[in-house]
Amino acid sequence: MSNKIALHGPTKKLTQIEDILTKFLKKSNISFKIHCVSDSEQFLREFLFKDDYKLFIICEKGNVSYLLKIYNNFDRKTARYAHGKLELPLTQKELRNQMLKILKSSHLCPYGVYAAKNAKMSRLIQHSDIECIYKEKNKSIFYLRSGETMEVPDSLSGILTELDANYFIKCSKGYIVNFFNIEQVSDDYKTLTMKSGVEIPMSRNGQKEFFKSLSLSITGVNAFNY
């Protein structure tokens, strides 16, 4: 299923916006179909009020605004529109940062708990409190938003089976991160900065998992075959 996008404004500026959008969406493996229109009446009549369009970008008098339909928490049951402004010339970095900004302000980590246990204690940890889980020798360590840590003897693969793989992603060897607690992604997509400020490496396979979660959060559909 292609995500329909409508662009309105001067042809020259729409060409640059369409080029960047195309590169960004292809890199994210998000299927799409872009429609460009310069006529205001046609835009209103044929595009703006159509429910099947996911993104509108309007360029008027040097200002660029967008309206994005997003689905809450990776399902297609509850949707809302987010809006904002873009800078010209548009870049993939600007587009990516806007998407992350929308997600951070619009999505909440679904309620869930993980029953963590070691030789000294047992604890129920809410999913929203987990920033990352990393491997250290023969143990796994939960790193929480508060800065607290807890060691458990379980393997990362075993822990991941008890978490929601839609938003707990294996970003690199020895690391699992909570997609909802990502604050920033480096320009080369090789480093994630979490809300606490902790930096975590991201592998090529981790990038695929990141884009899968990004696709789910925007479109409500997994655009990947893994």
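Annotations for the structure displayed:
- The chain, relative contact order in percent, only Cα pairs under 8 angstrom and at least six apart counted: 17
- Applying 1/(1 + (r/R0)^6) with r as the Cβ-Cβ distance of LEU160 and THR193 and R0 = 30 angstrom yields a FRET efficiency of 0.85.
- For the chain, the solvent-accessible area works out to 53 Å² per residue, with a probe of 1.4 Å and every protein chain left in place.
- Furthest towards positive pole of dipole, LEU25, GLY174, TYR111, structure part the chain, Cβ charges: GLY174
- Excluding same-chain neighbours fewer than eight residues apart, the aspartates and glutamates reachable from LYS85 by a Cα-Cα span under 15 Å are GLU60, GLU94.
- Applying 0.36 nm per residue to the separation of GLN126 and TYR81 and subtracting their alpha-carbon distance, the gain on full extension is 13.4 nm.
- Fully extended contour minus Cα-Cα distance, from ASN29 to LYS137, at 0.36 nm per residue: 35.4 nm
- Heavy-atom accessible surface of the chain: percent carbon and sulfur, 1.4 Å: 49
The values are calculated or read from the model by the stated rules, or taken from the named source; none is laboratory data. Because the structure is a prediction, the values reported are computed rather than measured. Cβ sites come from the backbone with ideal geometry, for glycine too, and all protein chains shown count toward neighbours. When the accessible area is computed, the model is the full protein with side chains, heavy atoms only, and any ligands, DNA or RNA have been set aside. Shrake-Rupley method; radii C 1.70, N 1.55, O 1.52, S 1.80 Å.
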